[in-house]
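The next block holds one structure in the form of structure tokens; read it before the comments.
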Amino acid sequence: MDPNDILALIAGGGGVFLVIGAGAWAVLRGRGGKSPDAGTDDQQGPEGTGSTGAPTATKERPAAPTWADTLSAPAEPAAPPAEDTAAAPTEDAPTAEAPEQTAAPAGDEATRADAPTAAEPATAAVEPDAAEPAAQPSAQESAEESAPVEDVAGTPTTERPSVAVIETPEAPQDRMVRLRDRLSRSGSIGRGILGLLTRSTVDESTWDEIEETLLLADLGPDATDELLANLRRRIQVLGTEDPAAVREVLREELVGLVDPQLDRRIAATVRTAPDGETVPSVILMVGVNGTGKTTTVGKLARVLVAAERSVVLGAADTFRAAAADQLATWGSRVGVDTVRSDKDGADPAAVAFDAVKQGIDQGVDVVIIDTAGRLQNKKGLMDELGKVRRVAEKGLHGDQVAEVLLVIDATTGQNGMQQARVFSEAVNITGIVLTKLDGTAKGGIVVNVQRELGVPVKMVGLGEGMDDLTPFDTYSFVDALLGD
Ligand SMILES: Nc1nc2c(ncn2[C@@H]2O[C@H](COP(=O)(O)OP(=O)(O)OP(=O)(O)O)[C@@H](O)[C@H]2O)c(=O)[nH]1
């Protein structure tokens, strides 16, 4: 992106925060050169400037990440495939291991872009499990090995798009502007709290009201306690006479909670498998039915096509017959093939296998697999998602699924959080897509879900439209919460 465009974007979004220092600008320019799509319009680096992430260090505001930044996760697989079910916890013992692994290390974002570490989200969630090495397949795997997948899948078919009607997705900058608009329209945590904090007297009942506001906004108890403690401390020193200063304190604290340091990139290019073969990045889309999985797969396919990545879609949501049609329609609009079964209720794992196979045969960058979310209990969910993943990986020449993105409906509050927990215990999630953020005033769920699952929100859905998907940007999000 042209530097003037970046400035225009920032200035258009929030004059209050026009504090881009020369250092931040230099970092932005420097990181632009590392974009894999250098020379295109979208060259700023990912959010986070290499600052420590402490609230007081967030005055500088880097430009929002573009799709080019977001689709730039390291392409090389770091480890042999893991066994999901081996690592999965029992019904009574929720796991806490995924969170630490997937948070990006604090430090220089620009360095990480060039030198991926094992702790990065694109690879960390598929670390080998010592208890059950991939070289010793389980009984379940052996059974899967001996059963030809076509038997359970029906005949795999590929829905080929008509070439005449391929659409061009909207530019990323426009999405950012809409993100701000829609969030600020849907109400704001920040405005309510600011009103309370700038009262002439901020007493205990005021703090109680602030706490209630934060909890109602789905921030979650831990983050609420932390924010309250920090605000109390800082407001005590600062006083409440200067509304602009109070607002800045609140902004800094919210930015710290949302955490600009998290690595929100998505693996979306071909990778070299352990045996030297070139394979696509496989993205598994999981989540409860109705959260927006199929829609998000369609939107993401558009984004990828706009970024000149080749894509195959896998309709592994075989529970709902219309889901495959829905997916094929999305694909056809941007010239992307959809692999599906001709049999209702076919084995989703077999469809995933076929999609990966076709992706490899066609030499595409990305295979996105849509899954069903209708599972009665955690055991069923683990079995199904574990199998989809394992079978998809059978064709990957020793590589692993690159991303498992959990789609969460932001309007579902605590219910959505509970579902998110179950999914993250069933399969190692590498990132979250928060949909329907356009329809809720409860933006606090971003903080809550990141803390709870230990993985970053990577994208947000802002409507039912084809281009209503955007990379998540901490600073735009916090500005939107604060309102203008
Ligand atoms: N407002 C809004 N609606 C959305 C968003 N994302 C998806 N939807 C809508 O949510 C509804 C469900 O979306 P689907 O993509 O079918 O959900 P799914 O998770 O695939 O559901 P199943 O196929 O039943 O598992 C549709 O009406 C979508 O248009 C969003 O970001 N904002």
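Net charge in the neighbourhood of residue 196 (other residues with Cβ under 13 Å of its Cβ; Lys, Arg +1, Asp, Glu -1) is -2.
Sequence-ordered 3J(HN,Hα) estimates for segment 257-271 from the Karplus curve with 6.51, -1.76 and 1.60 and θ = phi - 60° stand at 5, 6, 6, x, 7, 5, 7, 9, 6, 10, 5, 8, 9, 5, 10 Hz, glycine and proline given as x.
Within the accessible area of segment 272-387, the carbon and sulfur atoms contribute 46%, probe 1.4 Å, all protein chains present.
Peptides 442-453, 309-320, 193-204 ranked from most to least packed, by the mean per-residue count of other Cβ atoms within 10 Å: 309-320, 442-453, 193-204.
The phi torsions of segment 233-244, fed into the Karplus equation with coefficients 6.51, -1.76 and 1.60 and a -60° offset, translate into couplings of 4, 6, 6, 4, 6, 7, x, 10, 6, 9, x, 5 Hz, rounded to whole numbers, with Gly and Pro shown as x. Near the amide H of residue 267, within less than 5 Å, lie the amide hydrogens of 73, all on another chain or at least 5 residues away, with H placed in the peptide plane.
Take segment 229-317 with all the other protein chains still there, run a 1.4 Å probe, and you get 30 Å² of accessible area per residue. Sort out for me the Cα centre separation of segment 184-260 from segment 330-363, rounded to whole Å. Centre-to-centre distance over Cα atoms comes out at 48 Å. Once backbone amide H atoms are built at 1.01 Å from N, residue 314 has 339, 368, 369, 370 as its partners under 5 Å, excluding neighbours fewer than 5 places away on the same chain. On a C-alpha basis, how far is the centre of segment 269-307 from the centre of segment 390-419 in Å? Whole number, if you could? For segment 269-307 versus segment 390-419, the Cα centre distance is 11 Å.
Per residue, segment 366-459 exposes 24 Å² of solvent-accessible protein surface, assessed with a 1.4 angstrom probe and all protein chains in place. Near residue 457, the amide H atoms lying under 5 Å from its own belong to 432; only residues 5 or more places off or on other chains count, and H is placed 1.01 Å from N.
The values are calculated or read from the model by the stated rules, or taken from the named source; none is laboratory data. Keep in mind that this is a model prediction, so the values were computed, not measured. For neighbour counting, all protein chains shown are included, and Cβ atoms are generated from backbone atoms with ideal geometry for every residue, glycine included. To get the accessible areas, we keep the full protein, side chains included, count just its heavy atoms, and leave off ligands, DNA and RNA. Shrake-Rupley method; radii C 1.70, N 1.55, O 1.52, S 1.80 Å.
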